[in-house]
Amino acid sequence: MRDLLLGREPKDFDIATDAHPEDVKKVFRNCRLVGRRFRLAHVHFGREVIEVATFRGIQQASESGEHETENGMLLRDNVYGTIEEDALRRDFTVNALYYNIEDFSVVDYAAGMDDLNSGVLRLLGNPEQRYREDPVRMLRAVRFATKLGFSINTACEEPIFSMGKLLDDIPSARLFEEVLKLFMHGTALQAFEKLRHYDLFGRLFPDTEECLSHEEHQFPITFVANGLKNTDARVSQDKPVTPAFLFAVLLWEPVRKLAEQIQATGESPYPAMQQAASEVLAEQVKMVAIPKRFSLQMRDIWCMQHRFEFRQGKRPHRLLTHPRFRAGYDFMLLRAESGEAEPELAKWWTDFQELKEEDRKILSGVSLNYSLETQ
């Protein structure tokens with residue numbers, strides 16, 4: 001409803017009803033019930049899944065404490081109620097608007113229309129309590145503020161600066177999903193800047209934040225900003241964006257610095273990069289989980305950077321056939337753009353790709369009698 005009123009095309013529709021999940025399942029044979037904290041009904045139509053939620057009521061403070069942790073975070077919330085109660089327990093007022101399909105009217109119990117028209121993001125209820133119930137709401141505040149171009153209500157903004165530590169109690173797998181929502185929908189650079197402003201970025205990526213706090217001729221901040229700007233540009237052009245490339249950008253600074261330290265002990269570049277990648281990833285997944293299918297790609301991107309230095313002989317020809325060459329090449333271009341890699345290196349590889357095979361051999365100094373098929 002919110003996006004429609006703002007003249008945007010909604011990505012999906014949230015359906016809410018007074019029917020309990022079990023009742024929905026009785027009506028639709030193609031229905032599955034999912035979730036523990038939020039019990040939902042998923043109605044399947046081919047590949048489409050329609051998510052149906054039941055109106056929820058207000059959790060009473062006097063009820064059993066088994067629903068909360070010591071810091072007030074809700075673990076389960078299956079108390080059903082009316083549509084008005086459901087509206088008042090939503091997170092932000094602009095998310096508490098309902099479209100009644102019976103008479104095509106907008107139902108607003110929380111003055112959400114006023115905030116929508118004013119461009120203000122405001123929590124329903126006491127901000128500190130709402131953040132304690134679900135600390136991810138702080139990340140959602142940043143995401144919606146950047147996505148909608150809204151300002152965060154002052155009373156809702158102030159607690160964020162001191163409550164970021166509550167994110168430590170959120171499962172790392174859930175934070176992975178939230179990071180994707182923050183950085184892969186066209187406003188990554190703005191989200192990054194706001195997260196740092198509210199001291200939240202360091203809760204998600206502590207090693208990266210530590211590196212950014214000690215600038216090296218402004219290169220670290222430039223690199224991350226350029227990488228996120230590149231991500232936003234690809235999204236706006238409807239080009240694919242992979243989480244592997246995104247996380248490779250976000251974690252490059254701690255990986256690069258650790259690899260340099262390991263090299264200083266006498267280790268060669270490639271093993272040093274492998275060791276640095278393993279150590280940084282091992283620490284990072286404690287905060288934000290990174291599925292193995294992405295972390296393996298990240299390692300390839302990072303380890304490939306050293307191989308770009310070799311431009312003579314057979315090596316560049318072999319590298320060009322690497323299944324993730326394009327991602328590694330794009331990453332190297334970002335490094336050059338940020339002043340970390342030589343612009344001449346980036347230009348050489350750009351030219352090398354565009355040449356015909358015989359001309360590539362000449363550029364790399366390979367004998368014309370050499371055939372790539374003999375590798």
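The values are calculated or read from the model by the stated rules, or taken from the named source; none is laboratory data. None of the values given here were measured: they were computed from a predicted structure. Every residue, glycine among them, receives a Cβ derived from its backbone with ideal geometry; neighbour counts consider all protein chains shown.
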Checklist entry - Given segment 148-205, what helices (runs of 4 or more DSSP H) lie entirely inside it while holding 2 or more residues that are in contact (Cβ under 8 Å) with a residue 24 or more places away in the chain and under 21 Å from V224 (Cβ atoms)? => result 172-183, 188-197, 201-204
Next on the checklist: Considering only residues that are of a type outside the set (A, V, I, L, M, F, W, C), over 25 Å from the mean Cα position of the chain (by Cα) and surrounded by 14 or more Cβ atoms within 10 Å (Cβ to Cβ), which ones fall in segment 24-38?
Outcome noted: K25
Checklist outcome for this item: Scanning segment 7-23 residue by residue, those over 28 Å from the mean Cα position of the chain (by Cα) and either small (G, A, S) or at positive phi (or both) turn out to be A19
Checklist entry - Given the conditions (1) without any contact (Cβ under 8 Å) to a residue 12 or more places away in the chain; (2) part of a helix (DSSP H, G or I), and given that E267 satisfies all but one, which numbered condition is not satisfied? => result (2)
Next on the checklist: Here's a check for you: in segment 270-314, which residue that is among the small types (G, A, S) and more than 21 Å from L204 (Cα to Cα) is modelled with the highest pLDDT?
Outcome noted: A272
Item to check | Verdict on M138 being modelled with pLDDT of 95 or more, surrounded by 14 or more Cβ atoms within 10 Å (Cβ to Cβ) and either under 22 Å from the mean Cα position of the chain (by Cα) or part of a helix (DSSP H, G or I) (or both) | outcome: yes
Next on the checklist: If I filter segment 270-297 down to residues being in a helix (DSSP H, G or I) and in contact (Cβ under 8 Å) with a residue 60 or more places away in the chain, which single residue comes out as farthest from T222 (Cα to Cα)?
Outcome noted: E283
